[in-house]
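Taking it in order: structure first as structure tokens, then the write-up.
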Amino acid sequence: MRTLVWFSAGAASAVAAKMIFRENPDAIPVYCDTGAEHPDNERFIADCVRWFNRPVEVIKSDRYASTWDVWEKRRYLAGNDGALCTVELKKQPRFAFQRPMDHHVFGYTNDKTDITRFENFKANFPELVSVRAPLIEAGLNKANVLAIIEGAGIQLPVMYRLGFHNNNCIPCPKATSPNYWALVRQEFPAEFERMAKLSRELDVRLTRISDVRIFIDEIPAGWPVNNPIAPACDFMCAMAGMAG
């Protein structure tokens, strides 16, 4: 039975992986390459390989090269059932790689939203024999894991330093906050314009203001952007043995 640590090139999954390796040196870190993340992720993954002291298994869709490839070929962005890019670039490669008796480890943090996401994940995939979220078990939140990465002497991925709360693809159609899209417009104007054009073509209103769905290019100029999460290493980090 293998233990698979699903490493997203984000701070949370990196810390979750490091914790699991202390328990199980044979655990396998696995990264799904979506073809649409910041180029700095290559540097961060290389730093984590040195921190983990083991290679990261990279898997990728054999049908689509990137998120844009999925959106433009399938003519679909996101809906009530989630985003098609997640299905094609993360779920399908995971299904192909995993085995029935594998143990699965994910980097969900001890934040309210992530706890709900983890509970939903377990409910949606009852066939998985074992699923763990060590950060929730240890009480570590997003601010904690950012501090732990910095404490390990690893520079945080660029996306966090720009103010994004997750190291996701650029852009992520699952995001509905106008603050997120205003930050994309500020930091990645070409990707913003490309998504604005595609969402108009597909008649998909990706964000909302005052509970009204709007197109992202309708967000007023000067709209506030995401504030960065400040790294914070408190007593929970020490209790988890990850401080310093």
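The values are calculated or read from the model by the stated rules, or taken from the named source; none is laboratory data. Note that this is a predicted model, so its numbers are computed, not measured. Note that we place each Cβ from the backbone using ideal geometry, even for glycine, and neighbour counts take in every protein chain shown.
Look through region 165-182, keep the residues that are polar (S, T, N, Q) and crowded, with 20+ Cβ neighbours inside 10 Å, and return whichever of them is farthest from Gly35 (Cα to Cα). Going through the qualifying residues, I end up with Asn167.
Restricting to region 70-101, name every residue that is closer than 24 Å to Leu4 by Cβ and among the small types (Gly, Ala, Ser). If the condition is that a residue be closer than 24 Å to Leu4 by Cβ and among the small types (Gly, Ala, Ser), then Gly82, Ala83, Ala96 are the ones that fit. The residue that is modelled with the highest pLDDT, counting only those in region 134-182 that are basic (Lys, Arg) and under 29 Å from Asp81 (Cα atoms), is Lys142. Residues being acidic (Asp, Glu) and assigned to a loop (DSSP other than H, G, I, E, B) are represented in region 198-211 by at least one member. Among residues of region 41-66 that are under 14 Å from Ala27 (Cα atoms) and assigned by TED's automatic domain parsing to the domain that holds Ala14, those with a Cβ under 8 angstrom from a residue that is of a type in the set (Gly, Ala, Ser) and part of a helix (DSSP H, G or I), sequence gap 6+ or separate chain, pair up as Phe52/Ala17.
Of everything listed in (1) touching a residue at least 40 places away in the same chain (Cβ under 8 Å); (2) under 22 Å from Lys73 (Cα atoms); (3) within 19 Å of the chain's Cα centre (by Cα); (4) part of a helix (DSSP H, G or I), the single unmet condition for Ile149 is (2). In the set (1) under 25 Å from Arg43 (Cα atoms); (2) without any contact (Cβ under 8 Å) to a residue 12 or more places away in the chain; (3) outside any helix (DSSP H, G or I); (4) of a type outside the set (S, T, N, Q), Pro231 fails one condition alone, (2).
Cβ-Cβ distances below 6 Å connect the following pairs, each with a first residue in region 101-116 that is more than 17 Å from Ala17 (Cβ to Cβ), a second residue that is among the polar types (S, T, N, Q), and a separation of six or more residues or different chains: Asp111/Asn141.
Checking the condition among the aromatic types (Phe, Trp, Tyr), within 30 Å of Ala27 (Cα to Cα) and within 17 Å of the chain's Cα centre (by Cα), which residue from Tyr180, Tyr160 passes? Result: Tyr160 is the single residue among Tyr180, Tyr160 that is among the aromatic types (Phe, Trp, Tyr), within 30 Å of Ala27 (Cα to Cα) and within 17 Å of the chain's Cα centre (by Cα). Residue check: is Ile136 touching an Asp or Glu at 6+ places or on another chain (Cβ under 9 Å) and assigned to a helix (DSSP H, G or I)? In short, yes. Residues of region 22-46 that are buried (at least 18 other Cβ atoms within 10 Å of the Cβ) and over 17 Å from the mean Cα position of the chain (by Cα): Ala27, Ile28. So, Asp69, is that one assigned to a helix (DSSP H, G or I), surrounded by fewer than 20 Cβ atoms within 10 Å (Cβ to Cβ) and not aromatic (Phe, Trp, Tyr) or not? It is true that Asp69 is assigned to a helix (DSSP H, G or I), surrounded by fewer than 20 Cβ atoms within 10 Å (Cβ to Cβ) and not aromatic (Phe, Trp, Tyr).
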